[in-house]
1. Specify whether the C-alpha gyration tensor of the stretch 17-69 places it in the rounded, prolate or oblate class, a ≥ b ≥ c being the square roots of the eigenvalues: rounded for a/c under 1.5, otherwise prolate if a/b is larger than b/c and oblate if not.
2. When N is the residue count of the chain, what does its C-alpha Rg come to as a fraction of 2.2 N^0.38 Å?
3. How far apart, in nanometres, would the label points at residue 23 and residue 446 be if each is projected 7 angstrom from Cα along the Cα-to-Cβ direction?
4. Once you order the gyration tensor axes a ≥ b ≥ c over the Cα atoms, which shape class does the stretch 62-177 get: rounded for a/c under 1.5, otherwise prolate or oblate by comparing a/b with b/c?
5. Skipping prolines and chain starts, which residues have an amide H placed within reach, meaning under 5 Å, of the one on residue 310, given they are 5 or more residues away or on another chain?
6. For the stretch 106-185, give the magnitude of the charge dipole about the Cα centre (Cβ charges: +1 Lys/Arg, -1 Asp/Glu; no others), in debye to the nearest 20.
7. Using a 1.4 Å probe over the heavy atoms of the protein chains, calculate the carbon and sulfur portion of the accessible area of the chain as a whole percent.
8. To the nearest 10 degrees, how steep is helix 206-225 against the longest Cα principal axis of the chain, on a 0 to 90 scale?
Amino acid sequence: PEETVTSSFAAFIHAVRPEHLSKTVCHRSKRMILDSIGVGLVGSTTHVFDIALQYCRLYSSVAVSSVYGKPGVKLSPTLAAFANGVATHSMDFDDTWHPATHPSGAVLPALLAASQMLPPSTKPNGVDFLLAFNVGLEVQGRLMHFSTEAHNIPKRFHPPSVVGTMGSAAATAKLLSLSAAQCAHALGIAASLAGAPMANAATQAKPLHIGNATRLGFEAALLAARGMEANPSILDDIPGCSGFSAFYSVYQPKPLSTPSDHHEFLLEKQDIAFKRFPAHLGMHWVVDAALSVRNLFINYAGSFSPSLIRTIVLKIPVSKYINRPFPSSEHQARHSFQFNACTALLDGEVGLSSFTESSIHRQELRELLDKVVVEHPEDNVANFDKMYGEVALLLHSGDVLTGKCDTFYGHWRKPLSKESLLKKFRSNASHVLPEEKIETIITMVDNLENLSDSSQL
């Protein structure tokens with residue numbers, strides 16, 4: 001058969017082995033798994049998750065897979081993946097990679113559900129699970145590098161709905177030990193199930209993008225395992241007949257080498273950003289800048305006194321869907337530079353409680369929002385590797401105080417410490433789990449290579 005980009009990806013998925021995982025890749029991916037579980041657990045307390053779960057419970061097919069935060073509830077494997085994917089992104093609290101996507105939430109729920117689906121004699125162990133997870137990450141990252149368009153904050157398709165679906169298909173195909181031909185078909189089927197528009201950002205529909213990515217990629221692998229076929233050149237750039245290239249205006253695919261003695265995963269070279277509070281990643285720059293200038297203001301005036309402020313100037317990149325002057329819902333607030341900057345100024349922090357109805361509609365917050373002016377400097381590009389956030393307070397006295405952030409704490413250039421990551425996980429998980437179960441999960445993920453049955457996770 002002709003060697004194609006698609007066949008090279010399929011060969012990689014089929015051939016990659018645990019020994020190809022470096023210590024760095026294992027360490028980073030286990031941090032991602034732990035964080036994603038915690039985010040999913042706290043996400044299971046949200047209204048949008050309840051809606052998704054009610055939908056899933058309409059179906060009474062084989063219920064073997066667990067649901068985040070609901071110890072008495074099991075669903076069919078693909079619906080459990082869907083529900084847990086929705087939970088993971090319900091607060092926009094999940095990890096982010098570069099080029100921009102949310103890699104863990106699109107893969108982990110499918111693998112958790114699939115592990116519980118498989119019969120006892122074929123349960124994957126922890127090493128199998130870790131390898132499949134990293135296959136899902138690798139496919140997502142490689143696909144995003146096919147287009148320069150993917151390097152910037154997206155304008156058309158929400159990235160995890162595109163590459164996440166493909167990553168879920170690849171990861172599940174690996175966990176199910178599909179043949180190389182079946183892996184190629186799984187990718188082809190997944191491409192027909194992928195894609196969601198950016199216009200649904202900042203709405204309750206956005207978490208469905210992650211839920212569908214992990215579920216539909218899982219379904220693609222199951223269909224391929226049962227003999228369904230798709231275009232065997234789905235990732236290739238074929239003039240006059242768009243495959244995966246339909247999602248990008250610029251698309252230049254490259255083959256993925258079949259690993260021999262060594263394979264360098266993208267996660268080795270590019271770490272992940274973990275969020276300290278539940279909002280769009282871009283918000284983390286302006287919040288750190290706002291906290292910096294708030295400290296300057298307190299040193300200047302003795303306390304934070306909004307009445308002394310005439311204008312608040314935000315210098316941010318051009319990105320329409322996260323430039324929201326007066327958000328009216330929690331999902332809009334999570335996607336508003338203005339809201340997050342002003343909340344940080346007013347409260348000295350941004351956290352779970354910042355996005356409640358009572359917090360969003362405070363009069364004192366509205367008064368600060370009224371003072372905001374947005375500027376878009378030419379050097380501040382909509383790119384998570386290059387952007388910065390700057391918050392300037394123009395005071396009635398004529399003085400100007402400025403805070404700037406080009407790398408927030410939690411960014412891949414400034415990773416969260418082990419202590420900070422564990423603190424976030426424990427805080428998130430404590431909303432639905434007792435302390436002893438929280439510590440059990442931490443220990444299990446930390447020793448994932450030694451787990452004999454990954455369905456225990």
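The values are calculated or read from the model by the stated rules, or taken from the named source; none is laboratory data. Given the structure is predicted, the values throughout are model-derived calculations rather than measurements. With ideal geometry, Cβ positions are generated from the backbone for all residues, glycine too; neighbour counts draw on all protein chains shown. Areas reflect the complete protein model, heavy atoms only, side chains present, ligands, DNA and RNA absent. Shrake-Rupley method; radii C 1.70, N 1.55, O 1.52, S 1.80 Å.
1. Numbers: a/c = 4.70, a/b = 1.95, b/c = 2.41.
Note, shape of the stretch 17-69 comes out oblate.
2. On the way: Rg = 22.2 Å, N = 457, 2.2 N^0.38 = 22.6 Å.
Scaled against compact globular proteins, the figure is 0.98.
3. 1.7
4. Values: a/c = 2.67, a/b = 1.55, b/c = 1.72.
Verdict is oblate for the stretch 62-177.
5. The answer is 394, 395, 396.
6. Dipole size: approximately 120 debye.
7. Details: 9150 of 17880 Å².
C and S atoms contribute 51 percent here.
8. For helix 206-225, the angle is close to 10 degrees.
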